[in-house]
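Undergrad: Following this message is one structure expressed as structure tokens.
The values are calculated or read from the model by the stated rules, or taken from the named source; none is laboratory data. Worth saying up front: this structure is predicted, and the values here are computed from it rather than measured. Cβ sites come from the backbone with ideal geometry, for glycine too, and all protein chains shown count toward neighbours. With ligands, DNA and RNA removed, areas are computed over all heavy atoms of the protein, side chains included. Shrake-Rupley method; radii C 1.70, N 1.55, O 1.52, S 1.80 Å.
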Amino acid sequence: MLDQLNDIRSDWTVDEVEALMRLPLLELVSRANMVHRAHHDPDDIQKASLLSIKTGACPEDCAYCPQSAHHKEVELDREKLMNPAHVVSLAKRAQQAGAERFCMGAAWRQVRDGEEFDNVLSMVRGVRDLGMEACVTLGMLKPHQAEALAQAGLTAYNHNLDTSPEFYGKIITTRTYQDRLETLAHCRDAGLDLCCGGIIGMGESLRDRASMLQVLAGFDPHPESVPVNALVPVEGTPLEGQQKVTAFDLLRMVATARIVMPKTRVRLSAGRSDFSPAEQALCFLAGANSVFYGDVLLTTPNAGTGDDVDMFAALGALDGA
Ligand code: SAM
Ligand code: DTB
Ligand code: SF4
């Protein structure tokens, strides 16, 4: 068993991953907790803060996303790229509130060279100068752009697979799974850490969830962080009517991700505010060890900072005899 706990594999099959995901829930969580404790300090939960540095009017047609220009019924104010000094001041505020990583998202299909990209590079330098980890998600990248981000000191690039290769075409038609894999390869070649995960609750099957995890766990090395988003069904998007996932669905996803990618940071991402502190605590037990921290995600509300302060206090050691 100990050997298995320390075994890092990139050759998982979808059948194996699905079999894990279908285990009796308490057996699954218990196995995931053993793997988690063999590789991580269970009290170390990373807090990452998110900021939308360019909002809305995105040419891609991602069915879940309120920022797609294709979903005209969504009520959202577009914003052009923010000023770097302002972004760095917000990063500083997030750091003072306890965030260790600052993640900046732009609603772009791809990065274009020029003034806007240069501004993103100065945001990255500014965030790193504060002593924070910096992550950006800007859409597709070319190799020289990944290198420029690495030169600026970027810690990680976020680019999600979103779902399985089989279900992907039902969610996005304006870029392919292969496009995503190529951007991820350019990031790796430039020496960047990968932050790469997906969304549950878009109408995919359990096998699709297993299939996405199989692709992620097939990377060698594994992504350093894997965000697990629960769909936030936004009014005006094609997925507005989707039923929300249950805490048990989320728990199975987190626990399976932990077992197949033992060293990765598994992040409870969008949708977290729908789960109680006790439900989130089960996810932490099953291996989640990062959260998005702060009152907003990119355009939708997150778990409130005040509630999170209370939750982390309740999870910590108690004072007194
Ligand atoms: N445009 C860039 C891209 O798609 O790579 C970066 C920003 S995009 C908003 C980042 C990620 O947010 C998406 O890949 C998706 O996984 C997640 N996301 C967006 N809208 C969501 C929603 N309504 N619910 C859950 N996750 C969502
Ligand atoms: C990720 O996987 N989730 C974050 C981050 N990476 C960029 C974004 C969640 C967005 C949720 C919908 C919104 O707030 O617009
Ligand atoms: Fe654009 Fe990213 Fe939203 Fe897709 S997920 S519509 S690429 S901002």
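Undergrad: Would you check if Phe219 is open to solvent by 10 Å² or more (accessible area, probe 1.4 Å), aromatic (Phe, Trp, Tyr) and over 28 Å from Ala91 (Cβ atoms)? Working first, answer last.
TA: On the way: open to solvent by 10 Å² or more (accessible area, probe 1.4 Å): yes; aromatic (Phe, Trp, Tyr): yes; over 28 Å from Ala91 (Cβ atoms): yes.
So Phe219 fits the description; yes.
Undergrad: Please determine whether any residue of segment 82-97 is open to solvent by 30 Å² or more (accessible area, probe 1.4 Å) and within 13 Å of ligand 2 (Cβ to nearest atom).
TA: No.
Undergrad: Restricting attention to segment 70-81, report how many residues are in a loop (DSSP other than H, G, I, E, B) and open to solvent by 90 Å² or more (accessible area, probe 1.4 Å).
TA: Restricting attention to segment 70-81, the residues satisfying the condition of being in a loop (DSSP other than H, G, I, E, B) are 70-78, 80-81.
After this cut, where a residue has to be open to solvent by 90 Å² or more (accessible area, probe 1.4 Å) as well, the list is 70, 72-73, 75, 77-78, 80.
Looking only at that region, the number is 7.
Undergrad: Next question, about the same structure. Can Leu250 be described as within 13 Å of ligand 2 (Cβ to nearest atom) and surrounded by 15 or more Cβ atoms within 10 Å (Cβ to Cβ)?
TA: So Leu250 does not fit the description; no.
Undergrad: Run down Met212, Met202 and say which single residue is at pLDDT 95 or above, within 16 Å of ligand 1 (Cβ to nearest atom), open to solvent by less than 50 Å² (accessible area, probe 1.4 Å) and in a loop (DSSP other than H, G, I, E, B).
TA: Met202
Undergrad: Let me ask something additional. Taking segment 83-102 as the region of interest, how many residues are under 22 Å from the mean Cα position of the chain (by Cα) and either among the charged types (D, E, K, R) or not in a helix (DSSP H, G or I) (or both)?
TA: Of the residues in segment 83-102, 8 are under 22 Å from the mean Cα position of the chain (by Cα) and either among the charged types (D, E, K, R) or not in a helix (DSSP H, G or I) (or both).
Undergrad: Continuing with the same structure: Give me a count of the residues in segment 143-166 that are free of Cβ contacts under 8 Å to residues at least 40 places away in the same chain and either closer than 25 Å to Asn229 by Cα or within 16 Å of the chain's Cα centre (by Cα) (or both).
TA: Going through segment 143-166 one residue at a time, the tally reaches 3.
Undergrad: Further question on the same structure: When the residues of segment 260-283 are filtered to those that are open to solvent by 20 Å² or more (accessible area, probe 1.4 Å) and assigned to a helix (DSSP H, G or I), which remaining residue is farthest from ligand 2 (Cβ to nearest atom)?
TA: Looking at the filtered set, the residue picked out is Ala278.
Undergrad: Say whether the condition of being within 16 Å of ligand 2 (Cβ to nearest atom) and outside any loop (DSSP other than H, G, I, E, B) is met by at least one residue in segment 176-183.
TA: yes
One line per residue, one yes/no per condition, for (1) modelled with pLDDT of 95 or more; (2) within 28 Å of Leu206 (Cα to Cα); (3) surrounded by 20 or more Cβ atoms within 10 Å (Cβ to Cβ):
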position	(1), (2), (3)
Lys142	yes, no, no
Ala156	yes, no, yes
Thr163	yes, yes, yes
Tyr168	yes, yes, yes
Arg175	no, yes, no
Ala185	yes, yes, no
Asp189	yes, no, no
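Undergrad: Condition (residue is in a helix (DSSP H, G or I), open to solvent by 10 Å² or more (accessible area, probe 1.4 Å) and away from ligand 2 (no atom under 16 Å from the Cβ)) applied to segment 39-53: is it met by at least one residue?
TA: yes
Undergrad: If you go through segment 224-241 one residue at a time, do you hit one that is part of a loop (DSSP other than H, G, I, E, B), under 21 Å from His39 (Cα atoms) and more than 18 Å from the chain's Cα centre (by Cα)? Steps first, please.
TA: Going residue by residue through segment 224-241, those that are part of a loop (DSSP other than H, G, I, E, B) are 224, 231-241.
Next, from what is left, pick out any that are under 21 Å from His39 (Cα atoms): 224.
Within this subset, residues satisfying the condition of being more than 18 Å from the chain's Cα centre (by Cα) are none.
No, there is no match, as no residue in segment 224-241 is part of a loop (DSSP other than H, G, I, E, B), under 21 Å from His39 (Cα atoms) and more than 18 Å from the chain's Cα centre (by Cα).
Undergrad: Restricting attention to segment 284-302, and to residues there that are part of a loop (DSSP other than H, G, I, E, B), away from ligand 1 (no atom under 14 Å from the Cβ) and not charged (D, E, K, R), which single residue is farthest from the chain's Cα centre (by Cα)?
TA: So the residue we want is Ala286.
Undergrad: Something else: Filter segment 54-69 for residues that are away from ligand 2 (no atom under 11 Å from the Cβ) and in a loop (DSSP other than H, G, I, E, B); which is farthest from Thr163 (Cα to Cα)?
TA: Ala57
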